[in-house]
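The values are calculated or read from the model by the stated rules, or taken from the named source; none is laboratory data. Fair warning: this is a prediction, and the values are worked out from it, not measured in the lab. Every residue, glycine as well, gets a Cβ built from its backbone with ideal geometry; the counts of neighbours run over all protein chains shown. Note: accessible area is taken over every heavy atom of the protein model, side chains too, but ligands, DNA and RNA are not part of it. Shrake-Rupley method; radii C 1.70, N 1.55, O 1.52, S 1.80 Å.
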Amino acid sequence: MNATATPTAVVSARDVTRRYGEGDAAVDALRGVTLQVDKGDLTAIMGPSGSGKSTLLHAIAGLDDLTSGHVFIGDTDLTRLGDRALTTLRRDRIGFVFQAFNLVPTLSAIENITL
């Protein structure tokens, strides 16, 4: 497989797999997921509990290691970055708003995002 970014994509994932555990206890949270989000796209990731939504978001944000596949932010392959470069990329190019922790309860959703 050719692991290169698509020119129009701001985020893309190619054949992403994330496996937890080994042997009979192994669980594939993601199995061969491919997606592309182009500039200006509004994308929703939906599915039942346990379907891999959070794992996919963590993978495309560089928060979780992949078992196989590639994730790109623009033309940068996150799977080829070391810890320091990945930390810099997350700091400079990705914003996180977690659904449960690190939110200030007295602030609105917009104020928490701004913060």
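Considering LEU103, LEU78, LEU115, LEU63, the condition of being of a type outside the set (Val, Ile, Thr) and either open to solvent by less than 40 Å² (accessible area, probe 1.4 Å) or within 23 Å of THR8 (Cβ to Cβ) (or both) is satisfied by LEU78 alone. For the range 20-42, the criterion of a residue being loosely packed, with under 13 Cβ neighbours inside 10 Å, outside any strand (DSSP E or B) and among the hydroxyl-bearing types (Ser, Thr, Tyr) is satisfied by no position.
Only a single criterion out of (1) in contact with a helix residue (DSSP H, G or I) (Cβ under 7 Å, 6 or more places away or on another chain); (2) surrounded by fewer than 16 Cβ atoms within 10 Å (Cβ to Cβ); (3) in a helix (DSSP H, G or I) is not satisfied by GLY47, namely (3).
Counting the residues of the range 66-75 that are crowded, with 16+ Cβ neighbours inside 10 Å and among the small types (Gly, Ala, Ser) gives 1.
For every residue, the table says whether it meets (1) under 21 Å from LEU89 (Cα atoms); (2) among the small types (Gly, Ala, Ser).
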position: ALA9; (1), (2): yes, yes
position: ALA25; (1), (2): no, yes
position: LEU42; (1), (2): no, no
position: ILE60; (1), (2): yes, no
position: LEU63; (1), (2): yes, no
position: LEU66; (1), (2): yes, no
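Taken over the range 45-78, the criterion of being without any contact (Cβ under 8 Å) to a residue 40 or more places away in the chain and more than 13 Å from the chain's Cα centre (by Cα) is satisfied by MET46, GLY47, PRO48, SER49, GLY50, SER51. Number of residues in the range 50-69 that are among the small types (Gly, Ala, Ser) and touching a helix residue (DSSP H, G or I) at 6+ places or on another chain (Cβ under 6 Å): the value is 1.
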